[in-house]
1. Through the Karplus equation 6.51 cos²θ - 1.76 cosθ + 1.60, θ set to phi - 60°, convert the phi angles of segment 71-81 into ³J(HN,Hα) values in whole Hz; use x for Gly and Pro.
2. Just to be sure I understand: with springs between alpha-carbon atoms less than 10 Å apart, which residue in THR172, THR267, THR21 has the highest mean-square fluctuation in the Gaussian network model of the chain?
3. Can you find, among ASN266, ILE287, PRO66, the residue sitting farthest towards the positive end of the charge dipole of the chain, where Lys and Arg contribute +1 and Asp and Glu -1 at Cβ?
4. How much net charge surrounds ASP106 when only other residues with a Cβ under 11 Å from its Cβ are counted (Lys, Arg +1; Asp, Glu -1)?
5. Taking the Cα centre of segment 23-245 as origin and charging only Cβ (+1 Lys, Arg; -1 Asp, Glu), how large is the dipole, in debye to the nearest 20?
6. For each of SER127, SER220, SER238, count neighbouring Cβ atoms within 10 Å of the residue's Cβ, then give the residues from fewest to most.
7. Which of ILE219, LEU40, PHE91 sits closest to the plus end of the dipole of the chain, meaning its Cα is farthest towards the positive end, when Lys and Arg get +1 and Asp and Glu get -1 on the C-beta?
8. Could you work out which residue, out of VAL79, VAL224, VAL135, moves most in a Gaussian network model of the chain, that is, has the largest mean-square fluctuation with Cα springs under 10 Å?
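No value in this document is a laboratory result; all are computed from the given coordinates. Note that the structure is predicted; figures quoted are calculated from it, not measured. Cβ sites come from the backbone with ideal geometry, for glycine too, and all protein chains shown count toward neighbours.
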Amino acid sequence: MASTQQLKRRIGSVKNTKQITKAMEMVAASKMRRAQDHALQSREFRRLARRILARLSEVTDVSKHPLYVQRSVKTRWHVFITSDRGLAGAFYSNLFRSFMRELQDDSEHSVSSKVIVIGRKGAHFMSKLDGVETVAVYDGFPEHPTAADIQPILRSIIDSFKLEKADRVDVTYTDFRSSISQVVVTEQLLPAVFKDSEPAEEFDRAMVEPSPEEVLEQISERLVEVQLSQAFRESQASEHSARMMAMKSATDNAGDLIDDLTLEFNTARQASITQELAEITGGAEAIN
C-alpha cells in the first residue's frame with residue numbers, strides 16, 4: 001500500500017487535472033453553442049438552394065453545364081475536413097476510419113485518389129499513407145471560415161473538374177446531429193447533383209429571368225460553395241461537441257479516481273494510527 005504522503009500528492013495531482021478538464025469542458029461547451037448556431041442557421045439556406053437547383057434542372061438541360069458533366073471516374077478528389085487540435089475523444093478515430101473506407105473503395109475500383117486536407121490532424125494522418133497524393137494542406141484554418149477563406153479550395157476543385165483532372169469531387173466531414181451524436185458523412189460536390197425529395201409547389205409558377213440557363217450558370221459555383229461551407233460549419237460544431245463530451249468524461253473519471261484515492265488514503269491513515277496505538281500499548285505493558 002502506498003504511503004499517506006504519496007497518496008496525498010496523487011490526490012492533489014488528480015484534483016489539478018480535474019480543474020483543467022472542467023475548464024476545457026466549459027470552453028468547449030461555449031464554442032459548441034456558437035458553432036451549433038452557425039450550422040443550424042445555414043442549413044435552411046442549403047436546403048432551399050438544393051430545391052432551387054432541382055427546379056432549374058427540370059426546366060433546362062443541366063448536363064450541358066461543365067459542373068454537371070458525368071464522366072467515368074478514374075480520378076477522385078477528396079476534400080478531407082479535420083482540425084488542428086486534439087483532446088476530442090473518438091472524433092478523429094471515427095473520421096479517419098471512415099475516410100480509409102473511401103480510399104479503400106477507390107483502390108478496389110482502380111480509381112486514383114487525390115486529397116485536399118484541412119487541419120493539422122488530417123495532414124499528420126495522410127503523411128502515414130502510401131499511394132495517395134495530397135494536393136494541398138490547409139492548417140490554421142479559421143473556425144468560422146468566410147467565403148474568402150474557402151475560395152482557394154473551391155477554385156482548386158472546380159478548375160480540376162473543368163480541366164478533367166478530376167472526374168469526381170467528394171467532401172468528407174463530421175455531420176452534427178446533436179451534442180452527443182456526430183456522424184461522419186461523405187457527400188458528392190462535383191459533378192453537381194442536387195436532388196429534391198420534397199414537393200416544391202412554390203416554385204411551380206416561378207418565372208426564371210433572364211433564363212434558366214443563365215441563372216444556372218451564375219449560381220452553380222455559388223451553390224457548390226454553399227455545400228462546402230456548410231460542411232465546415234457542421235464539422236466545427238461536431239468537433240466542439242466531441243471535445244466537450246470527452247472533457248466531461250475526463251472530469252467525471254477524475255472525480256471517481258479522487259474518491260478511490262481518498263478512500264485508500266483514509267484506510268492507510270487508519271492503519272497507521274492503529275499501528276501507532278498498538279506500539280504505544282505494547283510499550284506501556286513492557287514497562288509495567
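1. Running phi through 6.51 cos²θ - 1.76 cosθ + 1.60 with θ = phi - 60° gives 10, 5, 7, 10, 10, 10, 9, 10, 9, 10, 9 Hz.
2. THR267
3. Farthest towards the positive pole: ILE287.
4. Details: positive: LYS74, ARG76, ARG101, LYS114, ARG168; negative: GLU102, ASP105, GLU108, ASP170.
Once positives and negatives cancel, what remains is +1.
5. Numbers: 30 positive and 34 negative charges, 142 e Å.
So the dipole magnitude of segment 23-245 works out to roughly 680 debye.
6. Numbers: SER127 10, SER220 21, SER238 30.
Lowest to highest Cβ neighbour count: SER127, SER220, SER238.
7. So the residue furthest toward the plus end is PHE91.
8. Result for the chain, Cα springs under 10 Å: VAL135 fluctuates most.
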